[in-house]
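A short worksheet on the structure shown next.
None of the figures in this text is laboratory data; all of them are computed from the coordinates on show. As the structure is a prediction and not an experimental result, all values here were calculated from the model. Neighbour counts are summed over all protein chains in view; Cβ atoms, including those assigned to glycine, are modelled from backbone coordinates with ideal geometry.
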Amino acid sequence: MNSDPFSGASLEQLPEEKVAAYLQQHPDFFIHHESLLTKMDIPHGPDAAISLVERQVRVLRDENQQLQRQINTMIEAAKRNEVLNVQIQHLVTALLEQTDLDAFFDTLYQSLNEEFNTDAVIVRLFDVSLKEPQIQAEMALRPELTEYDAQVFNLFENVLNTSTPLCGRLTNAQAAYLFPELKLGSAVLIPLGTPKPQGILALGSLDVARFYAGMSTDLLSYMGKLVSQMLRRWQV
């Protein structure tokens, strides 16, 4: 039985699919028929043509450049995560030194603004009770602790229900509630509270590209869990 798919057929009768399939099954075909390469041209642009080998080299070069870009992106992400990890360590060290809630929030804001190069930081805890009435009374003068409001809670439903940080542009309603005096370019909303989120830590930036959808949030989520755990010292 003849296994040659071209047997008994003229060139005009050969389907392109058969030719393509044969070449795929015999990738060394042109190694044994080098003379054909000089006769084969693939149109490229309106006034030019390149050989099959040149075309293949160009494809491989493009693939290599794309792979290199992906590698560079991964390296840059690793560098950013390394820096972020060190910043979180500094933050935790500073927060553990605080013995009262008032100083805890002040230190949190200062550290995040300085270490993380943010333009605005705010915490909002919804309907959270503190262990000591005196601390509850003192915190009444600060904006961090707020009574539960379904309308406000719904503004951050995606973050609170998924327990996942949300990066990118704030909605107009979110921005008006968190940062009414600033026109931010981007922000990240980090859920706070264990085991169920009861609030958010919001970091804002004037830079539109500072926080963006799709960026890695693993370390930001980790930071939120650490802050949540430390806040439990004062919560009921």
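Using only Cα coordinates, the Kirkwood hydrodynamic radius of segment 104-236 works out to 15.1 Å.
Using the Cα atoms of segment 148-203 to build a convex hull, what is its mean projected area in square nanometres?
Answer in nm², one decimal: 3.7.
Against the empirical curve 2.2 N^0.38 Å, the C-alpha radius of gyration of the chain lands at a ratio of 1.72. Taking other C-beta atoms within 10 angstrom as a stand-in for reagent exposure, Arg169, Arg142 fall in the order Arg142, Arg169, fewest first. Ordering Met223, Met230 from the fewest to the most neighbouring beta carbons within 10 Å gives Met230, Met223. Protection proxy ranking, highest mean first, for peptides 101-110, 174-183: 101-110, 174-183, where packing is the per-residue count of other beta-carbon atoms within 10 Å, averaged. Distance between the 7 Å Cα→Cβ label points at Leu141 and Asn161: 3.9 nm.
With R₀ fixed at 22 Å, the C-beta to C-beta distance from Arg61 to Ala209 puts the FRET efficiency at about 0.15. Partners of Lys196 within straight-line reach, counting lysines whose Cα lies under 19 Å from its Cα and excluding those fewer than 8 residues away in the same chain: Lys131, Lys225.
Segment 134-212 and segment 67-130 have their alpha-carbon centroids 15 Å apart.
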